[in-house]
Structures are given as C-alpha cells and as structure tokens.
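Inspection log for the structure reproduced underneath, given as structure tokens.
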Amino acid sequence: MDSHVGISEQIVRGYCDLHGITVRADEIQDLCDALTDAIADLELLRQCDASAWEMAVAFRVERTP
Amino acid sequence: MAAGEHIDPWLSISELSSRIRAGEASPVEVVKAIVERTNTLNPVLNCYITVDEVGALEQAQYLEDLLTRGINLGPLHGVPIALKDNIDTAGVRTTVGSRVFADRVPVADAAVVELLKSRGAIVVGKTNMYELANGSWHPDYGETRNPWDQTRSCYGSSGGSASAVAAGMAYGSLGTDTGGSIRYPAALCGVVGLKPTYGSVSRVGVFPLSPDLDHVGPIGRTVADVALQFAAISRPSTDGEAHVEATQYQVDTIDDDINGVRIGIPRTQNDETVDSEVQGAIGAAIDVLEQQGAELVDVDVPDYLTSCRVVWTIFSATVAQDHRKLVRERPNDYSKTLRTSLLVGEFIPAVDYVHAQRLREGIRAAYDEVMKTVDVVVLPVTPVPAQKIGAEMININGRIEPVWPVFERYCPQFNATGMPALSVPCGFSQQGLPIAFQVTGRSFDDWMVLRVGSAYQNATRWHNSHPAIVEP
C-alpha cells in the first residue's frame, strides 16, 4: 500500500531497484519516514539561498553569486 | 592492599606526572590501578570495547625502566590514556564500533598514537563509540552509560572516551568530532573536550566519517589536562597531511590572565531554545569570565539550525558514498539504524550537496567577520543536560522538541568552519547532571580558547566534582 504521507514506498522501491539496494520489507516504512524528514530538512536548506547571501553581505564579505 | 590501590584516579595529569617524577608512583602501579578500576566499572558503564592490559603493562614497564635510567619523556610519561575505537593501534583491534570491522587489527599506530607514545603516554584501551561514529550505538557493543546517572545517555559519538575520563577509568582520552562528537559527551559527562582547529591534528590512521569535517581531539577532567594532550598531538606529522601553523607548544600560556580578552556573546544566546537551568549556569560562567577582566561584546552569528542541516547534508552524502559498496555486500553487518541513515544519504541530490557546501562558505565568512571583533565566542554546547537513554524528544522550558537537530544545534557549525571549540563544565542541574559552556576562537588560536577555559576553571571548582558510581 502506498498510503504514507510524504515520500512514497513506490518511489523508494523504484530508486532502490534501480541502484541495486536491497531493503527489507519490514524496513521500507522506516526508510520512507527517514527520507520524508530528510527531504523536509533539505527543503529548509534550499530556502536558505537568500539568507546565506544576506548573511555574507551583512558582514561585507565579497562573494560571487 | 591491591597493587596501585593508593593511586588516586581523580588526580590531574600534571599531579600524576609530578608523583611519577618524584618516584611516589610508578607507571606499572598506575596502570594496574586503572585496569582494576576499569574491570570493576566497565560492566556498569560500558566505556571500553577493548582493555589492553597486557600491552599497557608492557608499555608501563618500558617507561618505568626509562625512569630508572633518568629519562623522562615529559608530562605524559606514564599517564594512562584511552583512545576512541576508530583510532588505529598497532596489534590492538580497532572496531570503529562496527560489526564490519569487529576483527580488524591495524598493523600501524595512527599518527596521534605515535605522538602520544613518543611523549610517554600509555594506551590503556579502546573506548566505545557510535557505530562508525555515526548516530547510534551498534547492538554488538551496546550503549555507554553516563557516570552521573546510568539511566541517561552520554550521547556520542565519543561517549566511551568522555565517560571513561569522567569515571576515573583513564586520566585522559582522545575522541573524534565530525558534528560535535567530542563536545556533546564531554559536556554531558562533566569533563572538558576540545575539537581543535581543522588541520592542527593529523587524522592519518583515524577511520574517516566525513574527512572535510572530521577532527581528532583530547578529553580530560581539566582544561590543563586537555592542553597537555593537545600539545602532544598537535604537531606536524611526517606524512605532510597535517598543516600546523600557529598551534605550537604553548601549554604555559593557558594560565595567562584574560584581562582585556574580548568575549563575543551571541544575541540569540538566551532564547527559549535553551533550558532555563542551562541558561542560568552559562550566564553565571560568563559573569565569572567578566570578573576575570574579559570584555563582553554582543555579536550576531549564523543561524544554528541552518548550520546543523548544512553539516548533516555534507556528511550524510559523504558517508553514504564511502559505504556504498560495503552496505550492499554486507547489509547485515550494519545496524538497522545506520543502514537506513546510509540509504538516506544516497538520496541526497548532488545539487543539494553543492548548495550545502556554498552555505558552508557563507557560515565560514560570517564567522571570519565576527572573529575580527572578538577573541572568542561563548555559547552553549547542548540546550539541555543529559537525557534518558532512548529519548527521542526533549523538553525545553515546556516545549517538546525532537532530539535531532535541536539537541545538536550549537556544535556542527564549528566543524563547518574548522574553528577550535572547547566544552567546559560550569555547573549541575537540580537533578545533579553536568552543564557546560562552549568557547570557540579563531582558527589556529586554540591556545586562546584553552586560556579562557583555564581562567574559568582557575576561578571555579566545578571540575573537582566526580560522580558517585553505583558499582555492581
């Protein structure tokens, strides 16, 4: 079943099959949960473009965008 | 009286060294006393994976023979030191806390071990650690217990090294720190831990987690003990890998006063994300430093949680790449927790990894600017004291937060920047659990960081408290 809110079991299984990763049936849900959390963290980082730039500019550090 | 029973396990390294120099204690007696204590307490605390009694006694006898010939190798001569089990020791198994490497016996010592031995230190054993230094204890080795409350975690990944020193099962130890792994357990166990400047201590012969974030550093019961170990290991290595600049032998300078030293206090220091007891203890520590003549300066520092996520992204992708082959070949030799973590790392897109590296440059640049205005910055190590083993959520002033990344928010930034960072005990919670503050400074100015920590300890007595461990 693919009822999990977040990254789906189907996507995880597809990726694992493609890359030769064996995931046990009783561990797939934990992996989906961990990936969902990880993607949330990555999404927060993706939003940091501006803040990182502003952080550097605020301290008058020269950076190339 | 058992051999070495009169050797006080709570002596500082310099006190022990003085007794050995004066002939009041012999290295063999000292090792016997430590091994005896370890045999009693290790079943309770699980600090050591391997106790090398035979090797330590041989080393002690050799050092004792040198003393009878009038040769003293310095302040570590005859001092038993413990090593995290990811630091190679010739002829002594080095498991990295992993089943994959359970039977691995290195043929050579790590560069830091060579340096310690050349200064007379005795390697008494290999300490327990997170599996591959990454996030959790492997069930084969179990979890190290906090000597102040055995129902509580000492966290990781150098938990065994910190707990052993806190419990008097070694006079000092080495750990490794990729995102705070020396500083968290040192803080939670009430001992001192230094993550030195990146590049000031060789990592040759130390099992990598994420090489551009990994650091090797000392743990001790006092700042002076940490300084003595740091002085021994912060030398240029013959392989050319370490690039020591200004971090030379300056142990004597740690007792210089801190009159006029500028201490940065982040404006975000005392917010609701730090437990009120921790805030109080750190506030009192800052008052002590001000009374010693330091000048307090408000500073703005990069966002802590962003820094945490940056480091997590870099190291997760790196570790996943390093173990990509092995985890496919031997999945059952990894714990379920680590296997999941490694697979998550494989899902991190390259663009996010590159983005994290660019954010890291932003963090580094921001701190470079901060450090133009101050000599050190003082901040928490952890927002709360040691938590119950297995806790996944923490209560901070009534707010329930996940352990990760909240618990780790104050440390990984200095792995990203490479700056030195020292954890110093500064009190106890009402439950009797240690609290610590963190001092960071300019890269290759580790001695200034140690000087501030030493000034604090010279004015306070927290470091003289020791846990009453319930023996079996």
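Observations on the model:
- Label zone (B:LEU73, point 7 Å along Cα-to-C-beta; backbone nitrogen cut-off 19 Å) within segment B:28-67: B:28-35, B:52-67.
- Where a label projected 7 Å from the Cα of B:TRP10 along Cα→Cβ would reach, residues of segment B:432-472 with amide N under 17 Å: B:432-435, B:458, B:460-471
- Shape category assigned to segment B:13-464 from the gyration tensor of Cα positions, a/c cut at 1.5: rounded
- Restricting segment B:66-158 to trypsin sites (Lys or Arg not before Pro) in coil, as DSSP defines it, with at most 10 other Cβ within 10 Å: B:ARG69
- Using a cutoff of 8 angstrom between alpha carbon atoms and counting only pairs six or more residues apart, the relative contact order for chain B works out to 17 percent.
- Cα gyration tensor, the protein assembly as shown - rounded (a/c under 1.5), prolate or oblate: oblate
- Each Lys and Arg adds +1 at its Cβ and each Asp and Glu adds -1 at its Cβ; summed about the Cα centre, chain B shows a dipole of about 800 debye.
- Taking the number of Cβ atoms within 10 Å of each Cβ as an exposure proxy, the fewest-first ranking of B:VAL100, B:VAL311 is B:VAL100, B:VAL311.
- The trypsin sites (Lys or Arg not before Pro) found in segment B:419-471 that occupy coil by DSSP, while having at most 11 further C-beta atoms within 10 Å, are B:ARG461.
- Shielding by partners for peptide B:309-318, expressed as the average number of C-beta atoms from other protein chains within 10 Å of each residue's C-beta, is 2.
- The modelled label-to-label distance for the pair B:ARG328/A:GLN47, using points 7 Å beyond Cα in the direction of Cβ, is 3.6 nm.
- Local net charge near B:SER423, Cβ-Cβ under 12 Å (Lys/Arg +1, Asp/Glu -1): +1
- For segment B:37-183, the relative contact order comes to 29 percent (Cα pairs under 8 Å, sequence separation of at least 6).
- Cα shape, segment B:332-472, gyration tensor, a/c 1.5 rule: oblate
- Counted by neighbouring Cβ atoms within 10 Å, the residues B:VAL206, B:VAL354 run from fewest to most as B:VAL354, B:VAL206.
- Value at 222 nm in deg cm²/dmol, rounded to 500, when DSSP H runs of n ≥ 4 in chain B each add -39,500 (n - 2.57): -11500 deg cm²/dmol
- Among B:PHE101, B:PHE230, the ranking by other beta carbons within 10 Å of each residue's beta carbon, starting with the fewest, stands as B:PHE101, B:PHE230.
- Alpha carbon centroid spacing (whole Å) that separates segment B:141-175 from segment B:280-348: 19 Å
Laboratory data are not the source of any read-out in this text; all were calculated from the coordinates shown. Only a predicted model underlies this, so the values are computations on that prediction, with no experimental measurement involved. With ideal geometry, Cβ positions are generated from the backbone for all residues, glycine too; neighbour counts draw on all protein chains shown.
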